[in-house]
1. Please determine whether any residue of the range 195-202 is surrounded by 18 or more Cβ atoms within 10 Å (Cβ to Cβ), touching a helix residue (DSSP H, G or I) at 6+ places or on another chain (Cβ under 6 Å) and not in a loop (DSSP other than H, G, I, E, B).
2. Tell me the helices (runs of 4 or more DSSP H) entirely within the range 39-131 that contain at least 2 residues that are in contact with a strand residue (DSSP E or B) (Cβ under 7 Å, 6 or more places away or on another chain) and of a type outside the set (D, E, K, R).
3. When the range 144-193 is examined, which residues are found to be of a type in the set (S, T, Y) and outside any loop (DSSP other than H, G, I, E, B)?
4. Within the range 247-264, track down each residue that is of a type in the set (G, A, S), surrounded by 15 or more Cβ atoms within 10 Å (Cβ to Cβ) and over 30 Å from the mean Cα position of the chain (by Cα).
5. (1) loosely packed, with under 15 Cβ neighbours inside 10 Å; (2) within 29 Å of V250 (Cβ to Cβ); (3) of a type in the set (A, V, I, L, M, F, W, C): which one isn't true of I191, the others all being true?
6. Can you tell me how many residues within the range 138-156 are touching a residue at least 40 places away in the same chain (Cβ under 8 Å), closer than 21 Å to G85 by Cβ and surrounded by fewer than 21 Cβ atoms within 10 Å (Cβ to Cβ)?
7. Going through A320, A282 one at a time, which residue ends up being in the same structural domain as V236 (by TED's automatic domain parsing), farther than 26 Å from D249 by Cα and without any contact (Cβ under 8 Å) to a residue 40 or more places away in the chain?
8. Quick check on the range 169-191. Is at least one of its residues at negative phi, without any contact (Cβ under 8 Å) to a residue 60 or more places away in the chain and in contact with a Gly (Cβ under 7 Å, 6 or more places away or on another chain)?
Amino acid sequence: MGTITTRKRRDGTKGFTAQIRIKRQGMAAYNESQTFDRKPAAAAWIKRRETELSEPGALKALEAPDPPLQKVIEKYMQDSRRDFGKTKRQVLQTIADSRLGEMHCSEIGSTQILDFANSLKVKPQTVGNYLAHLAAVFAVARPAWGYKLDKSAIDDARVVGKRLGVTSRSSQRERRPSLAELESLLRHFQISRSKRADSINMQDVVLFAIFSTRRLDEITRITFEDLDESRSEIVVRDMKHPGEKIGNDVRVNLTPEAMAVIGRQKHKKGRIFPFNSDSISASFTRACKLLGIVDLHFHDLRHEGISRLFELGWTIPQAATVSGHRTWTSLKRYAHIRQNGDKYEGWSWK
C-alpha cells in the first residue's frame, strides 16, 4: 500500500512524497518513492505504479542489472563473435564516451537518444548510421543479458529522427569521371611513378577499380591464391555487407580489362595490390586537388565501372556476377542506363 508524506521545503512550499513499499514473506522486497508539488498528483502516481507493479514479472524486471550504457556497449563488443569494421567500432566508442554512454540503462528513453543525436555535429546521414549501430546494442541487451534497455526507445527515436530530419538515408552519388579527367589522373600517376619506382602503382589501381568494380579495401585484400585465371574469377574475402562482413567470401567474375591489369603485375604471390588503402585514398585525393578535378572520390570509380557494364548491355544478374551484389535491389538504380556502347573502346589507357 502506498503512503503520502507532506514535507515542508526550505523555500516554504510543500512537497508530497509518495512512497510504495512491497513486502514478501515479511521482508521488504521493493521500495520506491517520488515527490510531487500536489497531493492529487502523488495519489495518482501511487495508483498507477501499484497497477504496473502488480503485473506478472514486474518486480523481477526491476531487479535486473542496470549498468551505464558504456558498459553495455563494451560487453557487446567483447561478446560478439563477429569482428566489427573500423567505422562501427569508432561509432560505438563515440557513443560510449558521450553523455548518453554515462547514463544507466533504465534512464535512457527516446528523448535522451534524440538529445544525443542532435548533439552530433555531423550530417543527417551519419546520425542515421550512429542510431543504426546503437540499435544493434539495444536489440540484444535485454534478451541476452537482462539489462534494462528498452528496445522501443531506440525504435521511437529513429522514427522521430527521420520525421524531424535529424536523420536521413545516405544520398546516392551519381558522379562519374570523364575520360579527360581519367587521362589527366593517369598521366599524373605515370609521371610520379617514373620518378619513384617504389611508389604505389596508382595507374593500375585506378584502372582495376573501374574494370573490376571492386571497393578500395577489397582491392588491397585480393590475392593471387584466390585467383582462377582459367575462369576469370576471384574470391573476394570479407566482402562488405550490411549484416555480415567477416566471413562473407564471394566469388566474382573479372572482366577482360581487369584480368589484363592483374596480368601486368610482376609478382605472382600474395596480395595482388600490396598497398595500404589509406595511402591510396590520400594519393587519389591529392592528385584530384592538384589537377583541379572537383568532387571525385575513389569510390566513384566503382560506380563508373558498374555503369559501364549496363552501357554494354549487361542485365542486372550479369552485372551482379562482377559487382558481387548478393541481392539485385542496389543495382536497380542502374536500370535506367541504356546500352550505348563502350566509351573506353580504343582508349589508350585500357
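The values are calculated or read from the model by the stated rules, or taken from the named source; none is laboratory data. Keep in mind that this is a model prediction, so the values were computed, not measured. Please note: Cβ atoms are built from the backbone with ideal geometry, for glycine as well, and neighbour counts cover all protein chains shown.
1. Yes: one or more hits.
2. Working: elements: 39-53, 58-62, 69-79, 86-96, 99-102, 110-119.
So the answer is 39-53, 58-62.
3. Initially, the range 144-193 is screened for residues of a type in the set (S, T, Y), giving 147, 152, 167-168, 170-171, 178, 184, 192.
Residues satisfying the conditions are S152, S184, S192.
4. We begin by selecting, within the range 247-264, every residue of a type in the set (G, A, S); these are 247, 258, 260, 263.
From the residues that got through so far, the ones that are surrounded by 15 or more Cβ atoms within 10 Å (Cβ to Cβ) too are 258, 260.
Hit for the range 247-264 is A260, nothing else.
5. (2)
6. 1
7. None of the other options fit; the residue is A282.
8. Yes.
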